[in-house]
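Q: For reference, the structure I am asking about is given below.
The values are calculated or read from the model by the stated rules, or taken from the named source; none is laboratory data. Bear in mind that the values here come from a model prediction, so they are computed numbers and not experimental data. Counting neighbours? That spans all protein chains shown, and the Cβs are built from the backbone with ideal geometry, glycine included. Remember, those area values only see protein heavy atoms, side chains included, never the ligands or the DNA or RNA. Shrake-Rupley method; radii C 1.70, N 1.55, O 1.52, S 1.80 Å.
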Amino acid sequence: MTKQVRQLDRVIIRFAGDSGDGMQLTGDRFTQETATLGNDLSTLPNFPAEIRAPAGTLPGVSSFQVHFADHDILTPGDAPNVLVAMNPAALKANLGDLPKGSTIIVDTHDFTNRNLTRAGYNGSNPLEDDTLDAYDVHQVDLTTLTVESVKEFGLSRKDASRAKNMFALGLLSWLYGRPTEPTISFLERKFASAPDIRDANITAFNTGWNFGETTETFAVSYEVKPAPMPAGTYRNITGNVALAYGLIAASVQSRLPLFLGSYPITPASDVLHELSKHKRFGVVTFQAEDEIAGVGAALGASFGGGLGVTTTSGPGIALKSETVGLAVMLELPLLICDIQRGGPSTGLPTKTEQADLLQAMFGRNSEAPLPVIAPRSPADCFDTAVEAARIAITYRTPVMLLSDGYLANGSEPWLIPDIAELPAIEADFATEPNHETADGEREFWPYLRDPETLARPWAVPGTPGLEHRIGGLEKADGHGNISYDPTNHDLMVRTRQAKVDRVADIIGPTDVDDPSGDARILVVGWGSTYGPIGAAVRQVRAAGTPVAQAHLRHLNPFPADLGDVLRRYERVLVPEMNLGQLAMLLRAKYLVDVVGYNRVRGLPFQSSELADAIADLVSSLDQPDHDPWQQELRR
Amino acid sequence: MTTELPMPGLRDVPTTEEPQTRKDFGSDQEVRWCPGCGDYAVLAAVQGFLPDLGLKKENIVFVSGIGCAARFPYYLDTFGLHSIHGRAPAIATGLAVTRPDLSVWVVTGDGDALSIGGNHLIHALRRNLNITILLFNNRIYGLTKGQYSPTSEAGKVTKSTPMGSVDTPFNPISLALGAEATFVARTIDSNRKHLTGVLRAAAAHRGAALVEIYQNCPIFNDGAFEAFKDRDTADAALIPLTHGQPVTFGADGEYAVVRDHASGAFFAVETAEVDEARIHVHDAHGHDSSAAFSLSRLTDAGHLHRAPIGIFRQIERPTYDDQARTQISAAREKSGDGDLDALLNSGDTWNVA
């Protein structure tokens, strides 16, 4: 039987099941197959904070969404075209996100009275009533088919049924013409030490593929051609791995040993895990007793001439703030990576948010400025980490890097950079005294500054003649001894600020995307909203309305020309996954009446809602009485 | 000098042939402790003892937290870092792991180490970092002007406890032993010879060395250690511990320490009253810390009339920093130095022409 193959330009698939069903692995494998095929792609894992919530319940549902296309895409997609639901709870939890007419592939095995009730389908079965009438539903007893297919390996029923995610993966791989070799060789590696489990998984995977190919259930399969992408070697990468690689690259480029002091916290722990694999690069990973010790040890490493790094999420930043303030005072390089999550307090550990911007800017006692920088996509975490290290080392300052849960766990194809093109980073340690006293003696002054950068010398222990003492007490300008002098304190407060402001000298102007030059509205974002904002801007432009986009990597200092850029447009829209933190900074600094679009749902923006927000603002332009702030409040 | 005494703790720290004197270790900063403060005696002992180590002075780092004692690094012409309250052990951890060629000292007080920094102290001890921690215990908060500390005796009347403190104090030696410390000692500011001897042994130790120094605060807790300083009472108050020696004290060994076999606790008796074989012989090198712990309990919990001094425990255990570095060299030996290009190109890759 030859089945019809239909061309599609893009597809959004969501795999959903119990948190023990292996949906993240299934999604990862499908993504890897898709990457190998050359589609552009973007992924969104979404899982509960509980490791194993009660089986079959709504809180226990874990999902993985992958968007792939034959063209350049920016987001994991607003709504899935295809839902793979492994049980009633997965169906119920995700159905609301599915547009009518979408495809549902459902494992019917668990649709028993007990499980239906557990999922909140009281007394009804959505597979039998009219709940799914508007959808293209494929009912398959995946579990039974899997168990039957792996009988020969003599596994327990429980172990056998665990391979059902591979059956589903095989079926979806057939449906979308994905290559199977990468997954088979992955399974061979993963289960090398357990041959029966390995064989069961491979068999389930192949059986799933064959099921699509041979049965009547699926009449059509689909093809999504590779996307035209710049030439080069690619790999798929998550934000946390890209961040870890960026830190290693910064260590290599600066020839400073990387020291990570960290305490496990979602969603940052994977950076610790990744870096701990790379000891061959001289990387030390120190799992500290708490967040404070993590950053303290990193600062100690920096004092000793290492590249001190700490990784955490928002609650950890709160704990680290006093030490970060010390780093501001000591003027030593230090990287603080905040993988933001929903808050306040413990908040939503596994969900994304970008509400730590003001904490990063101001969350320390007194005037304690530091550069703040944010990646805009998973792969961009690499470049941002290198950039953060370059700033920290050049200016002898702690730098805050703001990633988030969406970037951390989301993935995209990454054009692997040529390492010869990476920026050189010079530690430029002090080696000799830098000051001559009135009686001609040479001394070392730890707070004598470079006139251009205002950076102080980095004199590491072990350098003869440069013995000096530094600490958290205010320093006298130049020689750095303790000083309580009022004028000196005023000078030092202003100098520390001026030094951070001077980082603007090396970051370049605002990158504004305004292809027609006719836009009246500028959309300004930062961090992980780049994808949804970019996709929304494309939609609005495609509908015939020019709109400009600027995405800020540098949140402190801002690019020197940002005020002029903002004032060039009639309206500035600032979408953020917080209640208007960047908007507050822009309004305060530039007195520009920017308009916020703010949603704090623990999920990335949908591009469609942002396109609507842009369109609303465009249509308000010629209404004289319009007050966008009031409109925002009414939402 | 280092050849005369085995100094595994300083094994990787470069030495100098240049003769050093106490003056070489004094900084240009005016010392600003209160007149009569015990910190002066400790500073003098440290400045006097550092030349004996023969280390390059640029390879010595003193890290401190907050409190009167935390000013210590400013008065030494070595590298110094006066950090924030309680965090010195954490900062020293990163420094010691990154730089095996440094002699890293932490100077802390009873509030800094045992209150706000208690967590870092116990973890530095259990990890056995190659650092030396000098815990100045004056049993009071000095810099904040006289509140009770975690080592103040219960019932202590201070500005913050006008009706007496209701806190049970820590015994820092018991705490350190419970935290799996490999070197635990106590000494006293007024006995320069004992202080120097303990410091030398602590510096020689490879691993975390905790030295509790009884240190008088003449302003807010004067006389806390009077029993140990008064010639008439000192002999009967201080129980000197020497590895391999029977534990006796008092004039001419008048008193001896014996163990109650039922409870395992130690107590003091008149030496003449017991069979010599019953007198406890101190073993600082035994891997079981029970006896050292029991000896630490001979310290009065209330106002101090009696306390053991000397090295309670001194055992060998691999240090965190050595092991962390060994893992790196092992990984490099096994698979070679990291290759950035290979790392970035690892995993499933594909080419676009």
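Q: Does A:A388 meet the test of being small (G, A, S), modelled with pLDDT of 95 or more, within 30 Å of A:A374 (Cβ to Cβ) and open to solvent by 10 Å² or more (accessible area, probe 1.4 Å)?
A: Criteria not met by A:A388.
Q: Let me ask something else about it. Could you please give the count of residues in the stretch B:90-111 that are within 13 Å of chain A (Cβ to nearest Cβ) and in contact with a Gly (Cβ under 7 Å, 6 or more places away or on another chain)?
A: Summing the residues that are within 13 Å of chain A (Cβ to nearest Cβ) and in contact with a Gly (Cβ under 7 Å, 6 or more places away or on another chain) in the stretch B:90-111 gives 10.
Q: Which one is nearest to the other protein chains (Cβ to nearest Cβ) among residues in the stretch A:448-501 that are farther than 17 Å from A:P333 by Cβ, in a loop (DSSP other than H, G, I, E, B) and polar (S, T, N, Q)?
A: A:N481
Q: Okay, next question. If you check A:A55 against the conditions, is it surrounded by fewer than 19 Cβ atoms within 10 Å (Cβ to Cβ), over 19 Å from A:N165 (Cβ atoms) and among the aliphatic types (A, V, I, L, M)?
A: In short, no.
Q: Being small (G, A, S) and open to solvent by 10 Å² or more (accessible area, probe 1.4 Å) is the filter here, so list the residues in the stretch B:112-145 that pass it.
A: Passing the criteria: B:S115, B:G118, B:G142.
Q: Another question, then. From the list A:A192, A:A200, pick out the single residue that is assigned to a helix (DSSP H, G or I) and more than 30 Å from A:K100 (Cα to Cα).
A: A:A200
Q: While we're on this one: Looking only at the stretch A:417-445, how many residues end up being open to solvent by less than 20 Å² (accessible area, probe 1.4 Å) and touching a Lys or Arg at 6+ places or on another chain (Cβ under 6 Å)?
A: Number of matching residues: 1.
Q: If you don't mind, there's one more thing I want to ask. When the residues of the stretch A:399-420 are narrowed to those that are under 15 Å from A:L247 (Cβ atoms) and within 14 Å of another protein chain (Cβ to nearest Cβ), which ends up farthest from the chain's Cα centre (by Cα)?
A: This residue is A:I419.
Q: Is it the case that some residue within the stretch A:295-318 is at the interface with chain B (Cβ under 9 Å from one of its Cβ atoms) and on the phi > 0 side of the Ramachandran plot?
A: Taking every residue of the stretch A:295-318 in turn, at least one turns out to be at the interface with chain B (Cβ under 9 Å from one of its Cβ atoms) and on the phi > 0 side of the Ramachandran plot.
Q: In the set B:E333, B:E276, which member is more than 10 Å from chain A (Cβ to nearest Cβ), of a type in the set (D, E, K, R) and open to solvent by 70 Å² or more (accessible area, probe 1.4 Å)?
A: One residue alone meets the criteria, B:E276.
Q: Continuing with the same structure: Which of the following residues is open to solvent by 10 Å² or more (accessible area, probe 1.4 Å), modelled with pLDDT under 95 and assigned to a loop (DSSP other than H, G, I, E, B): A:P264, A:P226?
A: One residue alone meets the criteria, A:P226.
Q: Within the stretch B:112-142, which residues are away from chain A (no Cβ under 12 Å) and either without any contact (Cβ under 8 Å) to a residue 60 or more places away in the chain or of a type in the set (G, A, S) (or both)?
A: The answer is B:D112, B:A113, B:S115, B:G142.
Q: Let me ask another. Which of the helices (runs of 4 or more DSSP H) found entirely inside the stretch A:79-153 contain at least 3 residues meeting this: out of contact with any Pro (no Cβ under 6 Å at 6 or more places or on another chain) and crowded, with 22+ Cβ neighbours inside 10 Å?
A: A:88-95, A:142-149
Q: Only residues that are without any contact (Cβ under 8 Å) to a residue 60 or more places away in the chain, more than 10 Å from every other protein chain (Cβ to nearest Cβ) and of a type outside the set (A, V, I, L, M, F, W, C): list them for the stretch A:319-333, please.
A: Within the stretch A:319-333, A:K320, A:S321 meet the criteria.
Q: For the stretch A:427-441, give me each residue that is at pLDDT 95 or above, within 14 Å of chain B (Cβ to nearest Cβ) and in contact with a strand residue (DSSP E or B) (Cβ under 9 Å, 6 or more places away or on another chain).
A: Selection gives A:A427, A:E432, A:P433, A:H435.
Q: Determine which single condition B:P308 fails, assuming it passes every other condition in (1) open to solvent by less than 60 Å² (accessible area, probe 1.4 Å); (2) at pLDDT below 95; (3) not polar (S, T, N, Q).
A: B:P308 satisfies every listed condition except (2).
Q: Also, I was wondering about something else. Between B:R87, B:R71, which is within 19 Å of the chain's Cα centre (by Cα), within 14 Å of chain A (Cβ to nearest Cβ), open to solvent by 40 Å² or more (accessible area, probe 1.4 Å) and under 26 Å from A:L319 (Cα atoms)?
A: B:R71
Q: Next question, about the same structure. Any idea which of (1) part of a helix (DSSP H, G or I); (2) open to solvent by 10 Å² or more (accessible area, probe 1.4 Å); (3) in contact (Cβ under 8 Å) with a residue 60 or more places away in the chain; (4) farther than 21 Å from A:D141 by Cβ is the one A:T233 doesn't satisfy?
A: That leaves (1) as the condition not met.
Q: Within the bounds of the stretch B:253-266, is there any residue that is open to solvent by less than 30 Å² (accessible area, probe 1.4 Å) and assigned to a helix (DSSP H, G or I)?
A: There is at least one residue in the stretch B:253-266 that is open to solvent by less than 30 Å² (accessible area, probe 1.4 Å) and assigned to a helix (DSSP H, G or I).
Q: Residue check, B:G338 against (1) open to solvent by less than 40 Å² (accessible area, probe 1.4 Å); (2) at pLDDT below 95; (3) touching a Lys or Arg at 6+ places or on another chain (Cβ under 8 Å), all met but one. Which one?
A: (2)
Q: Restricting the search to the stretch A:375-389, which residues are touching a strand residue (DSSP E or B) at 6+ places or on another chain (Cβ under 9 Å) and either within 27 Å of A:F303 (Cβ to Cβ) or among the aromatic types (F, W, Y) (or both)?
A: Those that are touching a strand residue (DSSP E or B) at 6+ places or on another chain (Cβ under 9 Å) and either within 27 Å of A:F303 (Cβ to Cβ) or among the aromatic types (F, W, Y) (or both): A:C381, A:F382, A:T384, A:A385, A:E387, A:A388, A:A389.
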